[in-house]
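The values are calculated or read from the model by the stated rules, or taken from the named source; none is laboratory data. Keep in mind it's a predicted model, so treat the numbers as computed, not measured. Glycine gets a Cβ as well: all are built from the backbone with ideal geometry, and neighbour counts include every protein chain shown.
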Ligand SMILES: Cc1ncc(COP(=O)(O)O)c(C=O)c1O
């Protein structure tokens, strides 16, 4: 069978005609058509192989044969809803529970990260009897209305009047660029105190806290790793106010952080959220997700008297696939791989930071990594256009990477968990080369240990989807040494 039904141009034309224009595509100037994938590689219609550094959904590797087989075998036998007894549902719930602290023992199976977070909010509202929700700056929790309302990453684009009054935005616990930085004696307490103060302000206005929601590590928000101890203190303040702590593990769960199975566990053994939401990697590409909570929260949800029914959530096929993902993680020691390869990758990236003035910060935890590009290490001027140039040039060399964060200047790595040291060498080798060329073209060099001198003029940056960003274009002037081609691309 041919790898494609239409030639690429026709696919683009039909997509423009029939698919909503707000559904953006990667590399909009020259989109990639992917026709198959295996492990950590994706293949286009010409058979070109791309190293995939961004698809955390294909957690145990694209199209893993064990996962495909488990789904196909169960599909041949039965697929139906969870109103019938089926062993897959309880077996899978038991398997998932075994990865979590004992207290988190009750599962609701749903179909996407958005559904999981929406249900988590319903649980929190019902359990607490309160309405107000605290979310973090730059957070993204999903595309349904209830979640756009708690996702500053998206609602920042709305006018004030469209923002919901019961949603409150606390500072992102970002110790590189945030309000309290690495030089602060206790950033965890300082950021948690911000939440405490926010709760007081909400109370003063007559509101009551239902929940605090945060990703255990912020992903779209710029690969931010909160300081240990922050969640414990926030949970204490929120619970004192009668609310619950929701940990969104949709991006970062299932062993990605290497040292632990769940990213919230990085905060310390003493921290247990009230609700955990899961998605993306849970089914290795099959649409499924889950909310896990305590018996108390689940019983209060039951007390509302409303039956919870979800047509597809927890069906035997999804549960078979979920179990196969857990089996492969164990069998191939992929959490261990994330730890080993993650450490190796961190070392390579740290060397890049030593070498390249454009690299402001490296944030890594297993196979979750962020490389923040800045034009000035003292002012932290975001190198947004440069980040976009890096990902476009890597794409030309068949490596898929994305840039994210509020300034779209953080190179974001979250590859399938079978990523190898050789893959890390290849990626960082090419990154090194591109950064060298960019810095030469822009006339960027180390001024002293901290600050970077920039002799080049700048362009209005656009991201991989062609959107323009206004941040961080401070410097003027030109360089006599710059590579005219690269400089022109960055500016145009
Ligand atoms: C942290 C986080 N939560 C929730 C979601 C929503 O998941 P879905 O797109 O499966 O609805 C996303 C999606 O990107 C996410 O990154």
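Worth pointing out:
- Residues (more than 17 Å from residue 409 (Cβ to Cβ) and buried (at least 20 other Cβ atoms within 10 Å of the Cβ)) located in the stretch 176-188: 180, 187, 188
- With respect to the conditions (1) in contact with a strand residue (DSSP E or B) (Cβ under 9 Å, 6 or more places away or on another chain); (2) in contact (Cβ under 8 Å) with a residue 60 or more places away in the chain; (3) away from the ligand (no atom under 16 Å from the Cβ); (4) part of a helix (DSSP H, G or I), residue 95 falls short on a single one, namely (1).
- Filter result for the condition that a residue is closer than 24 Å to residue 181 by Cα, away from the ligand (no atom under 16 Å from the Cβ) and crowded, with 24+ Cβ neighbours inside 10 Å, over 244, 234, 252, 257: 234
- Filter result (over 15 Å from residue 404 (Cβ atoms) and within 14 Å of the ligand (Cβ to nearest atom)) within the stretch 142-158: 142, 143, 144, 145, 146, 147, 148, 149, 150
- Filter pass, residue 276 being within 18 Å of the chain's Cα centre (by Cα), within 22 Å of residue 415 (Cβ to Cβ) and crowded, with 24+ Cβ neighbours inside 10 Å: no
- Flag for residue 173 being within 16 Å of the ligand (Cβ to nearest atom) and outside any helix (DSSP H, G or I): yes
- For the stretch 122-138, a residue qualifies if it is part of a helix (DSSP H, G or I) and crowded, with 24+ Cβ neighbours inside 10 Å, and the qualifying residues are 123, 124, 127.
- Residue within the stretch 386-401 that is out of contact with any helix residue (DSSP H, G or I) (no Cβ under 9 Å at 6 or more places or on another chain), in the same structural domain as residue 355 (by TED's automatic domain parsing) and within 22 Å of residue 173 (Cα to Cα) present: no
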